[in-house]
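Data first, discussion second: the structure below is written as structure tokens.
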Amino acid sequence: MEEVFQQIQFEIIIHAAAQPSHDWAAREPQTDFTINAIGTLNLLELTRKFSPDASFIFTSTNKVYGDNPNKLPLIELPTRYDLPTTHPEWNGIAENMSIDACTHSLFGVSKTSADLLTQEYARYFGLKTAVFRGGCLTGPMHSGAELHGFLAYLVKCIITGKKYTIFGYKGKQVRDNIHAHDLKSMFMLFHNNPKENAVYNAGGGRENSISILEAIEKIAQLSKKAPDIAFEEANRVGDHQWYITDNSKFKQDYPSWDLTYSIDDLLEEMVKKAITR
């Protein structure tokens, strides 16, 4: 990797490489930490040495907040868990939520380490870094698997007739989803006008939020296929019962940005792509 950095003066570095699975991280924590934390440290150091003027964009995760979102006063509705409409975080979770005193999962810990390293390289060495704490980043090319990428994997299972297993929370756990195109737009806006030591939550927001039960119904309607669903009572360690992103900090810094894909647009595109594969 150092040879590559020695040969090329980079203008922008988008670090999206990761080990993304909670369960896999628990089985091989040293490998997980090496990939997610030490791999990020290596890239930051190479950027500092050879391309110090480059924009360094790190795709972090909302798992840096651990299970703190689960401590919110959620209420159970027929198809989802949600907050009361009067709650200050009804529109989503902002960057000031604590990352302390919670269960992250080992994957969450390795990504939090990389998240903090990226911030420190901005403070110590003046790199132009941005941390984007993503929720569910997806699209028609997302190769979701059982252990991560729930929406893409759910589409794949329903289209192919494979059994899909829901882990905990009665399938009412909520996620917001952002299309890769809209995330790329965030990256480029930062690159063209970088802010100092930027940290942003990045997701689909309330308008693109959906529970697993709601997603199953929509995908079944679009595909005209009957889903094969199984339930496991136990949830995954550190898994969010409810997570919606508050994008307002990024929108304040970059007012021209907005979502261009709704949750229905996303699902229609993903189902169409899965059917034609």
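Every read-out reported here was derived from the displayed coordinates using simple, explicitly stated rules and does not represent laboratory data. In this text, all values refer to a predicted model and were calculated from it rather than measured experimentally. Neighbour counts run over all protein chains shown; Cβ positions are idealised from the backbone, glycine included.
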Near Met270, within a Cβ-to-Cβ distance under 13 Å, what is the net charge of the other residues, with Lys and Arg +1 and Asp and Glu -1?
+1
Calculate one ³J(HN,Hα) per residue across segment 183-190 by plugging θ = phi - 60° into the Karplus curve 6.51 cos²θ - 1.76 cosθ + 1.60, and present them in order as whole Hz with x for glycine and proline.
5, 4, 4, 4, 4, 6, 4, 5
Cross-link reach from Lys218 to aspartates and glutamates, straight Cα distance under 18 Å and at least 8 residues apart if same chain, gives Asp176, Glu207, Asp228, Asp264, Asp265, Glu268, Glu269
Considering only C-alpha atoms, what is the centroid distance from segment 64-120 to segment 140-172, in Å?
22
Relative to the first principal axis of the alpha-carbon coordinates of the chain, what is the inclination of helix 106-125, with its axis defined by its Cα atoms, in degrees from 0 to 90 and to the nearest 10?
30
Note, ³J(HN,Hα) from phi for segment 155-168, Karplus 6.51, -1.76, 1.60, rounded to Hz, x at Gly and Pro:
4, 4, 5, 5, 5, 8, x, 7, 5, 10, 9, 8, 9, x
Going down the table (Lys49/Lys111; Lys49/Lys71; Lys224/Lys251; Lys170/Lys273; Lys63/Lys156; Lys71/Lys225), which pairs top 32 Å between alpha carbons?
Lys49/Lys71; Lys224/Lys251; Lys71/Lys225
How big is segment 11-276 in terms of Cα radius of gyration and Dmax, in angstroms?
18.2, 55
Packing-based order for 35-43, 218-226, 102-110, using average beta carbon neighbours within 10 Å, highest first
102-110, 35-43, 218-226
Residues meeting the amide H criterion for Ile13 (H placed from the backbone, H to H distance under 5 Å, 5 or more places apart or on another chain) are Ser55, Phe56, Ile57
Expected sort for 130-136, 235-241, 201-207 on mean C-beta neighbours within 10 Å, highest first, is 130-136, 201-207, 235-241
What do you get for GluC sites (Glu not before Pro) in segment 1-88 restricted to DSSP loop and a cutoff of at most 13 other Cβ within 10 Å of the site's Cβ?
Glu11
What FRET efficiency comes out for Tyr124 versus Lys162 if R0 is 51 angstrom and r is the Cβ-Cβ distance? Round to the nearest 0.05.
0.60
Length-normalised contact order for the chain - Cα pairs under 8 Å, 6+ apart - percent:
23
